[in-house]
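Colleague: Next up is a structure, given as structure tokens.
The values are calculated or read from the model by the stated rules, or taken from the named source; none is laboratory data. Small disclaimer: the values here were computed from a predicted structure and weren't measured. Here the Cβ is made from the backbone with ideal geometry for all residues, glycine too, and neighbour counts use every protein chain on show.
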Amino acid sequence: MTKLASVYKTDYVQSLDQHSQTNLNSSWVNAKGAWMTNIILIFFLKVMFGIIPGITPELSWTLTTLTYNIGSYIMFHAVTGVPFEFTQGAYDGITLWEQIDGGVQFTATRKYLTTVPIVLFLLSTHYTHYAPFAFFVNLVATVINLIAKLPAMHQVRLFDINQKVEGSNE
Amino acid sequence: MDNPILAAVNQTLQASSRVIEAIPGSDIVINYIKNSYQNDPFRVVLELGLAVFAVKYMLSKKYRIDPSHIKLTEKEIDELVAEWQPEPLVQPLSDIQRMELEKTQVIAGHQGPRPKMLSSGKNLLNLASTNYLGYINNEDIKEKAIETLHNYGLGSCGPPGFYGTLDVHINLEKDIARFLGTEKAIIYSQNFSTISSVIAAFLKRGDIIVADDGCNFAIQKGTQISRSNIKWFKHNDMADLERVLESIKKESSTSKKRPLTRRFIVTEGLFQNFGDIAPLDKIMELKEKYKYRVILDECNSFGILGKNGRGLTEVFNISPKRVDMIIGSMATALSGTGGFCAGSKEVVEHQRLSGQAFVFSASMPAMLAVCASEAIKILETPEKGNKLLKDMVDNAATFRNVVVSAPQAIEVSSDVGSPILHLRFPKNALSAAGITTRDEEKYLLQEIVDEVAVKDGLLITRAKYVENQELFLPRPSIRISISATHARKDVEKAAQAVKASFVKAISKRK
């Protein structure tokens, strides 16, 4: 039966394997160039949405916030593992967010990546003149993104999504 | 009663508002908040809450979520440092370690069927080296080796992927693939690390290995570093293998979402620790039935078993293309060095980047690659190759027939036709002689080894293991390696001497 929240357990040997080499899948998020790219991407999204005719500025802000939150959620919290094989599957069930800095919480990268959706949300509610529906949509997207980044949710899997399959991984 | 409290609250509010107004730019912020209020206190509270959360998050200290991370106080660290005593670089030897150190024979000069010992200066008959086809002293191979040494020099200057591959390596790979009958082969420069690299190149966490529990140490280490789930089945027991395969099938069919896992059966052709042969036909049958892949470690059967020396696949008349990976060794029968993995093109090419020992070790010297190639060519010419194999099998049969005639003193765990013979004391004889521990058994076997070295001029050895790391530690034994170039008379005499020594050793204790 699927539990609401269960922990994705990794054992000692798996954490040893994780720390034996630098995780190239997650080490790039620490680079300041990646931080800048993040901001540029949001800017680019806003410009792109603004160019499409028939979309009001308020709607484009809402769409930007929505796209950014959904996109960064998929990238950081939905996809697990690494795209290349180098430590016999040490990162197999771990999302990119959980891989950052080897699981240490409140590092600079994590603080930055948590702050960006909050700032984006505050900006977009300002520019949509606090319309209730836009506010609600932005809030839900941002809050889901933020809850996934909480330290309490580290390696927690809800409703058995991305959880280890019993029987093959003992 | 309310008045003083109300007055106090009023005063603090006025004081704080005066402070806030004093901050430059505060009126912009206050105006903004007033404009954004828009009759919706809930939303404002939410936004402020979010801003407060952001600030709190930014100000938090970092910590690691590691259940095993122990934080020590300064005082504890100081205490631990003060009471630390350095261990000696060289631990004092235990009795058995000192015995092993003293009794190990050292060969002075070159290897061969009759090497000269450093301690006594005598030439002993070599029944300890894995020189099964006698290639170590083959004159043709020696000439070729010297010629190669003049052409290529000694070392190969690097790993195979980085300037270390020579044409002789490519030729050796082609020779092995052609001789064995597979599509391609890849060579590694050390035999022990071949099987570990192959297993680790194709398996990772979540995959399933079903391995024979008589497998040698290299296979055990390979399965360990691959981090996959290993299930062991009893040595050469096909019913047990079927039981394990069936149980895995049952387990995985009950889980709702089963990811595609790789499943392998790992076994040896001729077991290094026991000398018996795996029933490959039954294994192939089970493999087809349960859809597994097979890794066959033929380190002690390539160049040894089969009419032409092609290994276990020739013995059972199974096409080598059906076995997914055949691992073999050039260090045993072929008098070279290293090992190989033969299989389909995809299997071999994948290892060029994923075989750890291929990528991160130097390739073998050109001389030894040429020796192995020449050895294969000799095996391929029927007159010479078949004769060597026949001599080896006849010598092995001679030796075996003599030692099995004393079942009260010797237990032979090897099959007929195997050049590796493991001679152990039968358990009831040991208990009758009052020997209970492994160390005592090892001492007794060492007595036999010493005695035949002195009295009968034989060089034999006990089988040695890394005892605290072996998963299924085999019983102590004397391992005899029969060579094709020994004379039949010598082998017969040696067998009689070993048998007599065994009988004497076990009956002396009674």
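Colleague: If a residue has to be within 10 Å of another protein chain (Cβ to nearest Cβ) and either in contact with a Lys or Arg (Cβ under 6 Å, 6 or more places away or on another chain) or assigned to a helix (DSSP H, G or I) (or both) to count, how many in segment B:210-265 make the cut?
Modeller: Qualifying residue count, segment B:210-265: 9.
Residues checked against (1) crowded, with 18+ Cβ neighbours inside 10 Å; (2) in contact with a His (Cβ under 9 Å, 6 or more places away or on another chain); (3) modelled with pLDDT of 95 or more:
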{"residue": "B:121", "(1), (2), (3)": "no, no, no"}
{"residue": "B:132", "(1), (2), (3)": "yes, no, no"}
{"residue": "B:137", "(1), (2), (3)": "no, yes, no"}
{"residue": "B:155", "(1), (2), (3)": "no, no, no"}
{"residue": "B:163", "(1), (2), (3)": "no, no, no"}
{"residue": "B:168", "(1), (2), (3)": "yes, no, yes"}
{"residue": "B:183", "(1), (2), (3)": "no, no, yes"}
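Colleague: Let me ask something else. Looking at residue A:107, is it among the polar types (S, T, N, Q) and at the interface with chain B (Cβ under 7 Å from one of its Cβ atoms)?
Modeller: When the stated conditions are applied, residue A:107 passes them.
Colleague: Taking into account only those residues within segment B:28-46 that are surrounded by 12 or more Cβ atoms within 10 Å (Cβ to Cβ) and not basic (Lys, Arg), which is farthest from the other protein chains (Cβ to nearest Cβ)?
Modeller: The qualifying residue farthest from the other protein chains (Cβ to nearest Cβ) is B:30.
Colleague: Just for segment A:111-123: of the residues that are within 8 Å of chain B (Cβ to nearest Cβ) and touching a residue at least 24 places away in the same chain (Cβ under 8 Å), which one is surrounded by the most Cβ atoms within 10 Å (Cβ to Cβ)?
Modeller: Here the residue is A:121.
Colleague: A further question on this structure: Can you tell me how many residues in segment A:67-92 are surrounded by fewer than 19 Cβ atoms within 10 Å (Cβ to Cβ), at pLDDT 95 or above and over 9 Å from the mean Cα position of the chain (by Cα)?
Modeller: 1
Colleague: Specify which of the listed residues (B:25, B:49) is more than 14 Å from chain A (Cβ to nearest Cβ) and closer than 27 Å to residue A:115 by Cβ.
Modeller: B:25
Colleague: Hand me the list of helices (runs of 4 or more DSSP H) wholly inside segment B:313-399 holding 1 or more residues that are at negative phi and of a type in the set (Lys, Arg).
Modeller: The helices (runs of 4 or more DSSP H) meeting that bar are B:345-354, B:366-380.
Colleague: Scan segment B:461-471 and give yes if some residue there is among the small types (Gly, Ala, Ser) and within 16 Å of residue B:124 (Cα to Cα), otherwise no. If you could, list the steps in order and put the result at the bottom.
Modeller: From segment B:461-471, those among the small types (Gly, Ala, Ser) are B:463; that's our starting set.
Of the ones still in play, those that are also within 16 Å of residue B:124 (Cα to Cα) are none.
Scanning segment B:461-471, I find no residue that is among the small types (Gly, Ala, Ser) and within 16 Å of residue B:124 (Cα to Cα), so the answer is no.
Colleague: Given the structure, is residue A:147 more than 7 Å from chain B (Cβ to nearest Cβ), without any contact (Cβ under 8 Å) to a residue 40 or more places away in the chain, surrounded by fewer than 16 Cβ atoms within 10 Å (Cβ to Cβ) and in a loop (DSSP other than H, G, I, E, B)? Before the answer, list the steps.
Modeller: Working: more than 7 Å from chain B (Cβ to nearest Cβ): yes; without any contact (Cβ under 8 Å) to a residue 40 or more places away in the chain: yes; surrounded by fewer than 16 Cβ atoms within 10 Å (Cβ to Cβ): yes; in a loop (DSSP other than H, G, I, E, B): no.
No, not satisfied.
Colleague: Looking for something within 29 Å of residue B:69 (Cα to Cα), touching a Phe, Trp or Tyr at 6+ places or on another chain (Cβ under 8 Å) and not charged (D, E, K, R) - is there at least one such residue anywhere in segment A:114-124?
Modeller: Yes - at least one qualifying residue is present in segment A:114-124.
Colleague: Considering (1) facing chain A (nearest Cβ under 7 Å); (2) assigned to a helix (DSSP H, G or I); (3) of a type outside the set (S, T, N, Q); (4) surrounded by fewer than 10 Cβ atoms within 10 Å (Cβ to Cβ), say which one residue B:57 fails and leave the rest.
Modeller: Unmet for residue B:57, out of (1) facing chain A (nearest Cβ under 7 Å); (2) assigned to a helix (DSSP H, G or I); (3) of a type outside the set (S, T, N, Q); (4) surrounded by fewer than 10 Cβ atoms within 10 Å (Cβ to Cβ): (4).
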